[in-house]
Structure formats: structure tokens, C-alpha cells
Amino acid sequence: MEEASETLDAFVGVGHQVGVVGRSCGGEGSSYDPEARRIEICYEEVAEERELFQGAGHHPADDEVVAVLVETVFHEAGHALIDALGLSYTDRGEEDAADQFAALMLLRKGVSGERQLRVAAEEYGLSAAEDEMVEGEAADEDEAADDDEHAPDRLRAANHLCYLYGSAPGRNSDVAGSTLLRRARAAGCGKEWALVRGVWMKNLAPLLRGQ
Ligand SMILES: [Zn+2]
């Protein structure tokens, strides 16, 4: 969290400081509070992520939990920047842009960030599989998922893998043609990532100019 918030400070800088706090959220998810200008990361999610990865055979899953936390902080930082820059999006568009900002921040770290983005995609894949299992058992009790502004987890996984593959296809060719990232989409990921990256770089330009 400290590493991610230092990176964030470099972008948001003077006049728009954003705090990052870890707290118990009582069932609410991690979020960005625009009034307090604060990113709140929930302790409960750390335990949930650990359980999810351990259930998939990762022990002790420390690196995986860290990767997901870093991606979460950058996702919330994306919301903070959208707020700071006064960008306007639909709810779903803002969530997609926040995911794309997280991908940008991870990919600029190089190989270590690529690995974390891959783990974050795996988390969305695992979480989608878990939800699908629950839905199979109780199809009517899916109201919470219907209210969610985020893209479905399976799509969030595919998006992250697409950006990963699109940014460095040579190192990540194994993800193209996987169950989460179909070969047909993978073929366009180089262009897709260039576009996504270009939009964020353009949006960030006013902040980067001062550096
Ligand atoms: Zn969000």
C-alpha cells in the first residue's frame, strides 16, 4: 500500500493529496471517498483474497495477496485521479477506466508489475468461478451482482490479460488463447492496449507537465 501510494503522490502531487488507509469496512468493499480524498482498503478483503488463493492451491499466497492489494490501491487511485482531473464517465465507464489505470501503473513497473497484473487477473477469474458456482445453487439470490457498476469479473480478468499480452506479447504469449483471453480478442490486444494507454496518458498530461 505504501509503495502504491508513493507512486500515486507522484501523479496527484501538490494541492490534491490523497490519503490511503487500511481499515475494517464491515462488509463494504475498498473504495475512494471523494469528500475525504481518501482511499480505503478493507482488512476483510485481505482475508478473503487469501482464502480464495489458498482454495486454488497457493500456499501461503502472500505474494498473491500483495499483488491484488496493489492492484486494488491503483484501481482506487484511478477513481481519485478521475476526481482530481474532473473527468466525466458513466458509472461503468469510470470503473473500466480505473481498472485500466491499475493496469497502466502495474505495467510501467516492468516484469514485477506484469506478474502482479497476471495475479490480479487470476483473482478475477477465481472470483468469477466462485460466483458462478454459487449462482448455480441459488440463481435467484444474485441481486448484489446486478447492482455492481464494475464489469463482470470474467471480463475484468480478460481485460487485464489483454493489456498484459498487448503490452509485452513476447513475455506473455501463454495467456493468449487461454480460457479467459480468447485467441480472437488476443490478436487485437496490442492495438487495444495502445488505445487504453493513450487515453490515460492524454488525461494525465496536465499533471505530468508540472514535473
Ligand atoms: Zn471502482
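Rule-based calculations on the coordinates, nothing more; no lab input. Values in this document were obtained by computation on a predicted structure and should not be read as measured data. Glycine also receives a Cβ, built like all others from the backbone with ideal geometry; neighbour counts cover every protein chain displayed.
Give the range of the longest stretch in the chain that excludes all GluC sites (Glu not before Pro) found in loop regions by DSSP and having at most 16 other beta-carbon atoms within 10 Å.
36-140
Using Cα springs under 10 Å in a Gaussian network model of the chain, which residue among A98, A168, A176 shows the largest mean-square fluctuation?
A168
Compare A186, A80, A129 in a GNM of the chain, Cα atoms joined below 10 Å, and give the one with the largest fluctuation.
Maximum fluctuation in the GNM of the chain, among the listed residues, is at A129.
Which order results if D9, D83, D91, D99 are arranged by neighbouring Cβ count within 10 Å, fewest first?
In increasing order of surrounding Cβ atoms, one gets D91, D9, D83, D99.
Going by how many other Cβ atoms sit within 10 Å of their own, how do H160, H59 line up, fewest first?
H59, H160
Arranged by the count of other C-beta atoms within 10 angstrom, fewest first, what order do C42, C25, C162 take?
Least to most surrounded, the residues fall as C25, C42, C162.
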